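Heads up: the structure comes next, in structure tokens.
The values are calculated or read from the model by the stated rules, or taken from the named source; none is laboratory data. Not measured: the values here are computed from a predicted model. Methodologically, a virtual Cβ is constructed for each residue, glycine included, from the backbone with ideal geometry; neighbour enumeration extends over all protein chains shown.
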Amino acid sequence: MWRHTYVMFPVTLVGPRVCWREMSPADAEALHDLLVHPAVFDKTLDEDVPPADALRDYLREQLGTLEDPERARYKLALTLDGRVIGTGGIELRGRHTGEVGYVLAHDQWGKGLATEAAALLIDFAFDDLGLHRVIGHTDPANIGSRRVLEKCGLSFEGVHRSDTLQRGEWRDSAAYAIVEDDPRPWTGQRGDGPGGSYALRTAKTR
Ligand SMILES: CC(C)(COP(=O)(O)OP(=O)(O)OC[C@H]1O[C@@H](n2cnc3c(N)ncnc32)[C@H](O)[C@@H]1OP(=O)(O)O)[C@@H](O)C(=O)NCCC(=O)NCCS
């Protein structure tokens, strides 16, 4: 059943440490700085990172689309203590499926923040958007991203051969998914901020 009967706007998702919120043109500089880091760039964009001015123009244009009743992209900013430390979101693939994505500033890696951020998005996809299935794709060699998906309860479904064109080269992707009745390996729901009821259990699956 399709339950997404109204537009979700503005989206704010609050976890114990990180928050997702709508992006604004004022985020352009922070976004540029995090995307341009070689370790991040290597794993994400297919082209050069646009200058901050171009990103600002793009974000300004996007503002006009956020309240579209057919909104299919929930591309959000991730913040920690009010500072933008990442970007990502849920992109609808048809009516019942959403694809989760996330990018974190390099100086924030290794603290469990991406897992917390992705778990918030997955709750949002099921509990607010009413989706049936959430998928995640990543370079099979991107162990950090694979671990994030696994810790959020997504199961590995196989490798899609040669399905992503990155800088002129066709690459495989590892496909993961979770469906609405699958157990989510975190307890509670979203909190009201630091100290909220939201908690993660991060059992290793391999
Ligand atoms: C992938 C990314 C989001 C992970 O962010 P993070 O905040 O460091 O992730 P977390 O701390 O929540 O969890 C990372 C997990 O991967 C593990 N990990 C990371 N790199 C690893 C490596 N090279 N080998 C083995 N394990 C690794 C960590 O140990 C951790 O698992 P654990 O909790 O079981 O120890 C971040 O590295 C990033 O933004 N990368 C660039 C963009 C990107 O790849 N996005 C995903 C595109 S699909």
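What do you reckon, is THR44 touching a strand residue (DSSP E or B) at 6+ places or on another chain (Cβ under 8 Å) and more than 9 Å from the ligand (Cβ to nearest atom)? Here the answer is no, as THR44 does not meet what is asked. Taking region 95-121 as the range and being more than 9 Å from the ligand (Cβ to nearest atom) and within 12 Å of GLY15 (Cβ to Cβ) as the test, the residues that pass are ALA119, LEU120, LEU121.
If you check THR79, THR65, which single one turns out to be part of a loop (DSSP other than H, G, I, E, B) and β-branched (Val, Ile, Thr)?
Working: THR79 fails: part of a loop (DSSP other than H, G, I, E, B).
None of the other options fit; the residue is THR65.
If you go through region 86-132 and keep only what is in a strand (DSSP E or B) and more than 15 Å from THR44 (Cβ to Cβ), you end up with ILE90, LEU92, ARG93, THR97, GLY98.
Restricting attention to region 30-41, which residues are within 12 Å of the ligand (Cβ to nearest atom) and of a type outside the set (A, V, I, L, M, F, W, C)?
HIS37, PRO38
The single residue among ASP57, ASP53 that is of a type in the set (Asp, Glu), farther than 30 Å from ARG171 by Cβ and assigned to a helix (DSSP H, G or I) turns out to be ASP53.
The single residue among GLY88, GLY136 that is surrounded by 20 or more Cβ atoms within 10 Å (Cβ to Cβ), closer than 19 Å to PHE9 by Cβ and within 16 Å of the ligand (Cβ to nearest atom) turns out to be GLY88. Does at least one position in region 157-165 carry a residue that is among the aliphatic types (A, V, I, L, M), at pLDDT 90 or above and either assigned to a helix (DSSP H, G or I) or under 17 Å from GLU91 (Cβ atoms) (or both)? Checked against the condition, which is being among the aliphatic types (A, V, I, L, M), at pLDDT 90 or above and either assigned to a helix (DSSP H, G or I) or under 17 Å from GLU91 (Cβ atoms) (or both), region 157-165 yields no hits at all. Cβ-Cβ under 6 Å, sequence separation 6+ or interchain: first residue in region 94-106 and among the β-branched types (Val, Ile, Thr), partner away from the ligand (no atom under 16 Å from the Cβ). Which pairs? Cβ pairs passing all conditions: THR97/ARG133. Across region 36-49, not a single residue is classified as over 21 Å from GLN166 (Cα atoms) and free of Cβ contacts under 8 Å to residues at least 40 places away in the same chain.
Against the conditions (1) within 25 Å of ARG184 (Cβ to Cβ); (2) in contact with a Leu (Cβ under 7 Å, 6 or more places away or on another chain); (3) within 16 Å of the ligand (Cβ to nearest atom), VAL49 satisfies every one except (1). Scanning region 35-74 for residues that are within 18 Å of LEU121 (Cβ to Cβ), modelled with pLDDT of 90 or more and surrounded by 16 or more Cβ atoms within 10 Å (Cβ to Cβ) yields a single hit, TYR74.
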